[in-house]
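See structure below.
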Amino acid sequence: MNSTKTIRLRLLLLCFFSTCLLITWNSSAQERAGTKKITGQVTVSPQNKPLQDVVIFIKGASVNTTTDVNGRFTIEAKEGDVLVISRIGYLQKEVKVGKSNSLEVRLDEGDIKMDDVVVIGYGKSKRKDVTGAISSVSGEELRKTQPVTFDQALQGKVPGLVVQQISGQPGGAVSIQIRGLSSFSNNPPLVVIDGVIVGGAANTNGGSNPLASINMAEVESVDVLKDASATAIYGSQATNGVIIITTKRGQVGAPRIAYDFYAGRQQLPGYYPTMNLREYASFMNEKSAIIGYDLRPQFANPQYLGEGTNWQKALFRKAPMQNHAITVSGGDNRTQYLLSGSYFRQEGIALGSDFGRTSVRLNLDNKTTNWLKIGTSLQLAHITEKVTTSSSGVISMALNQTPDVNVQNGDGSWGGNDPNIYGAYALNPYAIAQITKNDKKRNQLLGNAYAEIAFTRDLSLRNEVSGSFDFGTQDQFTPTYTIGSIVNKVNQSSYSYAQSYYTTLRNYLTYNRLFSNRYNVNALLGHEAQVSTFENVSATRKNFPSNSVQAINSGDATTATNSGDKGQSAQESYFGRLNFGYNDRYLFTANVRADGSSKFAADNRWVTTYSGAFAWKINNEDFFKPVTFFNELKLRIGYGLTNNQNISDYAYASTLITSANGLSGVAQLTANLPNPFVRWEKTKYANIGLDASLWNQRINFSVDFYDRRTDGLLLSLPLPLYSGTVPSTSWNPGSLAAPYKNIGAVSNKGFDFRISSVNIKSKDFTWRSDITVSHNVNKILTLNAEGAALYGYYGTAIAARSVVGRSIGEFWGYQTDGLFTDAGDFKNHPALPVNPTTGVKIPITPNTGGVWLGDVKFRDLNGDTVIDQRDQTFLGTPIPKFQIGFNNTFSYKNFDLNIFLSANVGNKVLNSMRINGDNPNQNFGYFKSVLNYARLGMKDPSGSSTDINNVYVTNPGTNIQRVSQSSGNDNNRLSDRFVEDGSFIRCKNISLGYTLPQKLLTKVRMNSLRIYVNVTNAFIIKKYSGVDPEIGSWNPLLAGVDDGFYPQPRVFTIGANLALTK
């Protein structure tokens, strides 16, 4: 059956090629005759400065060139030809060739323009001819925020793109969503770099970022494909959108050398409010008196104590970072080249964290003959990471340790808790960060090679082979140590190696022709095959003779254990696209793609993705011509169906694992429960948008409204614990991976909006603004059964619940209504918790197992006067209602100032650090708020302390419960006490630069030199009581939980951008 399909498609390709060849043969046979050499110079208004790298091409022909450092160019053209002169960031001009052989062209600065070229699937298009929802941002714009990785820079820059930091550690990853969550598991958008589909990193635990190898200095532009009419050509890979990264390439002209440098200093933007030693000693004295423990002698006079140890200040530091990037580019009419290298180093603000990257890139294009063009894009990167901070949890450890413990004792030993009556022993976070090791190294190769054959002027065949190859190691060592009363007598090391390959072979024909000067046809037909493989191996040993000798073979061989895994998947695809334009007014696009995946059983293996779109250029209609202030007005409508295959390999069949036993030594066990009927997720996508440009492109805006519905959602189905299964992403010896199943449907509706404006433009001063707004409403429509729910767990407690009619991953818990402060509160609030064993209300008593004054009042939502799980409710969503970006650029003569703000509005954060930090009844570190714990007083001091009518809370405005070791109220259960408003406005970047005058630079053979100072994460406006409310997650079912989140640092940098010519 498959062979028959292949034969049919090959015949279709042959017919298509033959037809196009016959149509275009006659028109392409004519030679360009009567040409002459045209020379000219391009300058920029109003300063009349020469402009380099401007593209000049003959309209309707393939002849093109670019300007050199002095803005000069030479091109062969005929009298009557129209030269199109364009460069990103400037208004395009068309100049007709006359009798003169020289031209002077002056370009005006512009913003996002309808004539800019955007990258679409397997091709490019002018923005004014795009029918889908595509947003673009230049690499220059992204570099203003000085991100470590490019994905960190996208926040607030692209409407419809929600970006949240997973970890602030150096090189840490972000979670990216394009127009909402359409899956119950992590399913990010497809990322394509110069035609290379980026696979996952070979070793991604510990917060590693598979995109960390990209050098931002090499990025030319980023195009984000959002709706089905834009993404359908990529098929099942692109159901959650596509991010296309285009790197810089060589241009015709003299060799150009560019050097970019910056160095900076990072610091923690804020601290949690923990007690100092005096406050801690005073509180512990009060606590001991209340619960009847002896006072600690060293706390006899707290007023004479010092500040003690601030563990946050001990763990966090001011850390340096530096970046160097050098690029050499140039070429002639035959060959263009770009060779670049970079070195980046960032020490983390937390001990035990750092990041380093060294990368080399070669982009090469060669026009071998008049009909053949070949080229390649190669990137090799080496990445080193220290992730001890994230893997060991030392940030939460720093909040748990108490201020009476030294970082290091006078004798050089590590400080730790002495034996105490509370049994409270916490590790020394500074010591753990220093003595344990968790180092990761990765080598990544991204490569693409192409050969493009021009059969005729209108018909070409492009052949590409590309691959993403990732090799990673992880080296961990835990030494023996003594930290106070905690002794680790066994040291241990583990070493792992992993590799992943993602290779693609694609071939596609493109036909492009303008008929009768009004019918524009662009057709594409192609084939693509992909193979993804991975494998890993790990080894562990214990009992090393010394902590200084950490090589894995130095451990005790009798303790050795090892493990490994490997797998692969494949996909084959056939695709086609037709773009038709009539009279530069009406545009039609149709996409279709057939994908076959090895992840599904034979009967469900193949699926079809399709889309259609229509665009109407209203401004080109005759009736609209009197409206002269519109440069462009385009209405877009699109609809499509996309598919998704986000499941494990071989989920439709049973796989085997080996396990040791006492009989034969090794046995094979079933690893998972199969589901041969599992199918693709399907997403129906509708979009309507409007693009406009006004007043000579002083104002440009784009707005889109969309409706996405995803059916057949894929999830490793959670089953009861007695089933012996765990989710496929988890592991538990002896258990089975739960089966994947199509369990429901989810909807995402919303809009995204962008407006760019030139507010002021004069000879010396320019002010530009750019605003992006994204809004999405996520809603679960169906699940596998009536009343079904999916849960996100914090420890063993349910912290989030996903049900029909609500958004994915909403927080779940109890609502509170302050504290019980007097007897009247118990009369007005009769609902009390029940004993989970007996089901009977707990008594009102200060004794063990009771509820008393100073305990938390939980709301009785169902009115049955009992507080139990039936009173739990939704406490808010971690998904922002709006994400906003506001960018302003000011230029005065040679000075430039950029200020960029980003904001999240309407999301919640579970501040789990407060669960312990605000709890006076735990025995580790405390927040300062605990000093205001509920204090009990008696109306009649000679009366009974157990008489509810005689006892009251002396500070009724507090929200911190009483000190008690025996309350049965479970005051710290998950509730709205710990779910906070996560909205914020962050000043992401402030940059001030100065470009030296051109006349000064030409004397020393410099093309340009800009020096600048920059502040990243300058300030944040928030209600959140933690350090940073921007909390991302790879798990949609449990997002927005701050459990010791590595905060984003504030960075001060100084740098320079230098360009040289021959």
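Taken over the stretch 837-868, the residue count meeting the criterion of being of a type in the set (A, V, I, L, M) and assigned to a loop (DSSP other than H, G, I, E, B) is 4. Residue check: is Leu514 surrounded by fewer than 20 Cβ atoms within 10 Å (Cβ to Cβ), part of a strand (DSSP E or B) and over 28 Å from the mean Cα position of the chain (by Cα)? Yes.
Yes/no matrix, rows are residues, columns are (1) surrounded by fewer than 17 Cβ atoms within 10 Å (Cβ to Cβ); (2) over 28 Å from Phe469 (Cα atoms):
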{"site": "Asn522", "(1), (2)": "no, yes"}
{"site": "Leu525", "(1), (2)": "no, no"}
{"site": "Ala529", "(1), (2)": "yes, no"}
{"site": "Ala539", "(1), (2)": "no, no"}
{"site": "Ser548", "(1), (2)": "yes, yes"}
{"site": "Ala551", "(1), (2)": "yes, no"}
{"site": "Leu578", "(1), (2)": "yes, yes"}
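Residues of the stretch 73-112 being touching a Phe, Trp or Tyr at 6+ places or on another chain (Cβ under 8 Å) and either surrounded by fewer than 16 Cβ atoms within 10 Å (Cβ to Cβ) or at pLDDT below 75 (or both), which ones? Listed by number, the residues that qualify are Asp108, Glu109, Gly110. Residues of the stretch 920-966 that are without any contact (Cβ under 8 Å) to a residue 12 or more places away in the chain and not polar (S, T, N, Q): Asp940, Pro941, Gly943, Asp947, Gly957.
Here Gln322 clears all of (1) within 30 Å of Tyr933 (Cα to Cα); (2) surrounded by 15 or more Cβ atoms within 10 Å (Cβ to Cβ) except the condition numbered (1).
For the stretch 351-397, how many residues meet the condition of being in contact with an Asp or Glu (Cβ under 6 Å, 6 or more places away or on another chain) and under 19 Å from Pro1049 (Cβ atoms)? Can you show your working first?
Pass one, the stretch 351-397, residues in contact with an Asp or Glu (Cβ under 6 Å, 6 or more places away or on another chain): 354-355, 361, 373, 375, 377, 386.
Right, trim to under 19 Å from Pro1049 (Cβ atoms) and you get 354-355, 386.
Number satisfying all stated conditions: 3.
Among the residues making up the stretch 1008-1062, a single one is crowded, with 20+ Cβ neighbours inside 10 Å, part of a strand (DSSP E or B) and touching a helix residue (DSSP H, G or I) at 6+ places or on another chain (Cβ under 7 Å): Asp1042.
Given the criterion more than 30 Å from Ser136 (Cβ to Cβ) and at pLDDT 80 or above, identify the matching residue among Thr782, Thr766, Thr772. That would be Thr782, the only listed residue that is more than 30 Å from Ser136 (Cβ to Cβ) and at pLDDT 80 or above.
How do the strands (runs of 3 or more DSSP E) wholly within the stretch 559-675 filter down when requiring 1 or more residues that are farther than 28 Å from Ala238 by Cα: which remain?
Numbers: elements: 586-597, 606-617, 630-644, 656-660, 666-670.
Once the strands (runs of 3 or more DSSP E) in the stretch 559-675 are filtered for at least 1 residues that are farther than 28 Å from Ala238 by Cα, what remains is 630-644, 656-660, 666-670.
Cβ separations smaller than 7 Å between residues 6+ apart or across chains give the following pairs from the stretch 868-880 residues that are closer than 17 Å to Arg977 by Cβ to residues that are outside any strand (DSSP E or B) and acidic (Asp, Glu): Asp871/Asp860; Leu875/Asp976. Just a yes or no: is a residue in the stretch 151-167 closer than 30 Å to Val1013 by Cβ, under 20 Å from the mean Cα position of the chain (by Cα) and acidic (Asp, Glu)? Taking every residue of the stretch 151-167 in turn, at least one turns out to be closer than 30 Å to Val1013 by Cβ, under 20 Å from the mean Cα position of the chain (by Cα) and acidic (Asp, Glu).
In the stretch 1032-1047, is there at least one residue being hydroxyl-bearing (Ser, Thr, Tyr), touching a strand residue (DSSP E or B) at 6+ places or on another chain (Cβ under 7 Å) and modelled with pLDDT under 90? Even if it seems obvious, please write down each step before you answer.
So the first thing to find is which residues in the stretch 1032-1047 are hydroxyl-bearing (Ser, Thr, Tyr), and the list is 1033, 1046.
Adding the requirement that they be touching a strand residue (DSSP E or B) at 6+ places or on another chain (Cβ under 7 Å) leaves 1033, 1046.
Still in the running and modelled with pLDDT under 90: 1033, 1046.
Checked the stretch 1032-1047: at least one residue is hydroxyl-bearing (Ser, Thr, Tyr), touching a strand residue (DSSP E or B) at 6+ places or on another chain (Cβ under 7 Å) and modelled with pLDDT under 90.
Considering only the stretch 551-564, I want to know if a residue exists there that is touching a residue at least 40 places away in the same chain (Cβ under 8 Å), within 21 Å of Ala615 (Cβ to Cβ), within 35 Å of the chain's Cα centre (by Cα) and outside the structural domain of Ala230 (by TED's automatic domain parsing). No.
Evaluate the following for Gln434: is it part of a strand (DSSP E or B) and modelled with pLDDT under 95? Break it down stepwise before answering.
Values: part of a strand (DSSP E or B): no; modelled with pLDDT under 95: yes.
Taking the combined requirement at face value, the residue does not satisfy it.
Restricting Ala258, Ala263 to those that are within 30 Å of Thr327 (Cα to Cα), surrounded by fewer than 16 Cβ atoms within 10 Å (Cβ to Cβ) and of a type in the set (A, V, I, L, M, F, W, C) reduces the list to Ala263. Just one of the listed residues (Glu572, Glu535) is surrounded by 17 or more Cβ atoms within 10 Å (Cβ to Cβ), within 22 Å of Ile197 (Cβ to Cβ) and at pLDDT 90 or above, and it is Glu572.
If the condition is being surrounded by fewer than 22 Cβ atoms within 10 Å (Cβ to Cβ), hydroxyl-bearing (Ser, Thr, Tyr) and closer than 15 Å to Asp855 by Cβ, then the stretch 955-985 contributes Thr958, Ser966, Ser975. In a residue-by-residue description of the stretch 974-996, the property of being out of contact with any Asp or Glu (no Cβ under 6 Å at 6 or more places or on another chain), free of Cβ contacts under 8 Å to residues at least 40 places away in the same chain and not in a strand (DSSP E or B) applies to no position.
Looking only at the stretch 866-900, which residues are of a type outside the set (A, V, I, L, M, F, W, C), closer than 30 Å to Gly792 by Cβ and more than 35 Å from the chain's Cα centre (by Cα)? Those that are of a type outside the set (A, V, I, L, M, F, W, C), closer than 30 Å to Gly792 by Cβ and more than 35 Å from the chain's Cα centre (by Cα): Asp868, Gln869, Arg870, Asp871. Among the residues of the stretch 272-292, those identified as assigned to a loop (DSSP other than H, G, I, E, B) and surrounded by fewer than 15 Cβ atoms within 10 Å (Cβ to Cβ) are Pro273, Gly292. Every condition in (1) modelled with pLDDT of 90 or more; (2) not in a loop (DSSP other than H, G, I, E, B) holds for Lys741 except the one numbered (1).
Screening the stretch 746-763 for residues that are surrounded by fewer than 20 Cβ atoms within 10 Å (Cβ to Cβ) and either under 30 Å from Tyr652 (Cβ atoms) or of a type in the set (S, T, N, Q) (or both) and picking the one that is modelled with the lowest pLDDT gives Ser762. Gly356 falls short on exactly one of the conditions (1) surrounded by 18 or more Cβ atoms within 10 Å (Cβ to Cβ); (2) closer than 30 Å to Lys313 by Cβ; (3) not β-branched (Val, Ile, Thr), and that condition is (1).
Being part of a loop (DSSP other than H, G, I, E, B), without any contact (Cβ under 8 Å) to a residue 60 or more places away in the chain and out of contact with any helix residue (DSSP H, G or I) (no Cβ under 7 Å at 6 or more places or on another chain) is the filter; apply it to the stretch 299-335 and report the residue that is farthest from Gly925 (Cα to Cα). Let's see the steps before the verdict.
Applying the first criterion (part of a loop (DSSP other than H, G, I, E, B)) to the stretch 299-335 yields 300-301, 305-310, 317-318, 332-334.
When the remaining residues are screened for being without any contact (Cβ under 8 Å) to a residue 60 or more places away in the chain, the result is 300-301, 305-306, 317-318, 334.
Keeping just the survivors that are out of contact with any helix residue (DSSP H, G or I) (no Cβ under 7 Å at 6 or more places or on another chain) gives 300-301, 317-318, 334.
On the way: Ala300: 19, Asn301: 20, Arg317: 20, Lys318: 24, Arg334: 68 Å.
Looking at the filtered set, the residue picked out is Arg334.
If you filter the stretch 663-702 down to residues that are crowded, with 17+ Cβ neighbours inside 10 Å and among the β-branched types (Val, Ile, Thr), you find that the one that is modelled with the lowest pLDDT is Val678. I need the full set of residues from the stretch 892-906 which are within 30 Å of Leu996 (Cβ to Cβ), buried (at least 18 other Cβ atoms within 10 Å of the Cβ) and polar (S, T, N, Q), in order please. Within the stretch 892-906, Asn898 is the sole residue that qualifies.
Within the stretch 749-760, can one find any residue that is in a loop (DSSP other than H, G, I, E, B), aliphatic (A, V, I, L, M) and without any contact (Cβ under 8 Å) to a residue 24 or more places away in the chain? Spell out how you get there, then give the answer.
Kept after step one, since they are in a loop (DSSP other than H, G, I, E, B), are these residues of the stretch 749-760: none.
No, the stretch 749-760 has no match at all.
The values are calculated or read from the model by the stated rules, or taken from the named source; none is laboratory data. None of the values given here were measured: they were computed from a predicted structure. Counting neighbours? That spans all protein chains shown, and the Cβs are built from the backbone with ideal geometry, glycine included.
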